[in-house]
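None of the figures in this text is laboratory data; all of them are computed from the coordinates on show. The structure displayed is predicted, hence computed values, not measured ones. Cβ atoms come from the backbone with ideal geometry, glycine included; neighbour counts cover every protein chain shown.
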Amino acid sequence: MTTTQIAPSILSADFSRLKEEVIAVDDAGADMIHIDVMDGYFVPNITIGPMVIKQIRAYSLKPFDVHLMIKDPDRYIHLFADAGADIITVHFEACKHLDSVIKLIKSFGKKAGVAINPTTREEELEYILDEIDVIMVMAVNPGFGGQTFIESQLEKIKKIKEMIGDRDIKIEVDGGINQMTAAKAVAAGADILAAGTAVFEGDDYKKNIDSLRY
Ligand code: DX5
Ligand code: ZN
């Protein structure tokens, strides 16, 4: 069994020192860098876009795990591919034609993920399973860091694990991850944990990251 991969979410970083923060979590053993892109429409918050991602790309060789919380993301996939994203995850709820969006992501040679909100049923992904690399289970309502993990999502993670079967799809859990919830999410079937607050609190990022591995 491989250990859980940790994807620090730079949403909780000090944005005035973004370069140093990316280098710090990279040095601390992050398996990938989780980047939250928000449009102020699909979610009630606005964060960063492809220009910022392109600039920080130079400071880490780790995969960039780009989580698009934007409506109709097909309009911008080319920009995030060009900015250096390795995994591009879109929200089921934000796409008119999910299958086309996944094919578009793949056309740039990127890994494709689909995120589902806490009230979205896992069955929605049944017919796209053979095309995707990551299913991201949102354990909070997307938009902000520092929220409480919604426990009902543990059942969903288990169901998704079963649904995946022997396909090569990773389950990523995003939102409200701390030492307690990390253990539960991994027990339910999570392969990747995106964590903001729990990684960037205090100044020992390595200790924080290691404490989330199960
Ligand atoms: C929420 C974002 C998460 C967020 C997680 O919409 O997608 O990635 O940064 O933050 P924490 O770990 O603080 O819940
Ligand atoms: Zn995220």
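Numbers below:
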item: Whichever aspartates and glutamates have a C-alpha closer than 16 Å to that of LYS170, once near sequence neighbours (fewer than 8 apart) are set aside; result: ASP31, ASP65, ASP86, GLU122, GLU126, ASP130, GLU131, ASP133, GLU162, ASP191
item: Share of Cα-Cα pairs in the chain lying beyond 28 Å, as whole percent; result: 19
item: Between region 109-153 and region 62-107, the alpha-carbon center distance in angstrom; result: 13
item: Neighbour-count ranking [beta-carbon atoms within 10 angstrom, fewest first] of TYR127, TYR76, TYR214; result: TYR127, TYR214, TYR76
item: Cut-off 14 Å between beta-carbons: net charge of the residues surrounding ASP14, Lys and Arg +1, Asp and Glu -1; result: -2
item: Nearby aspartates and glutamates by direct alpha-carbon distance to LYS71 (threshold 16 angstrom, same-chain neighbours under 8 apart not counted); result: ASP36, ASP39, GLU93, ASP99
item: log₁₀ of I(q)/I(0) at q = 0.21, 0.23, 0.24 Å⁻¹ - region 1-97, Debye sum with one point per alpha carbon; result: -1.06, -1.22, -1.29
item: Dmax and Rg, reported as Rg then Dmax, of region 76-168 (C-alpha, Å); result: 13.5, 37
item: Long pairs among LYS158/LYS206; LYS110/LYS158; LYS54/LYS106, criterion Cα-Cα beyond 21 Å; result: LYS158/LYS206; LYS110/LYS158
item: Positive-end residue, region 5-210 charge dipole about Cα centroid, Cβ charges, pick of GLN153, VAL134, MET38; result: MET38
item: Dipole of region 5-210, positive direction: furthest Cα of TYR76, CYS95, GLY165, with charges on the beta-carbon; result: TYR76
item: The chain - mean residue ellipticity at 222 nm from DSSP helices (-39,500 (n - 2.57) per run, n ≥ 4, rounded to 500); result: -8500 deg cm²/dmol
item: Charge dipole magnitude, Cβ of K and R +1, D and E -1 - region 5-210, Cα centre, debye nearest 20; result: 260
item: Zone of ASN141's modelled label, taken as backbone nitrogen in region 14-53 under 11 Å from a point 7 Å along Cα→Cβ; result: 44
item: Of the chymotrypsin sites (Phe, Trp or Tyr not before Pro) in region 14-48, those whose Cβ has at most 16 other Cβ within 10 Å and which sit in DSSP loop; result: TYR41
item: For SER107, SER9, SER60, order by how many other beta-carbon atoms lie within 10 Å, fewest first; result: SER107, SER60, SER9
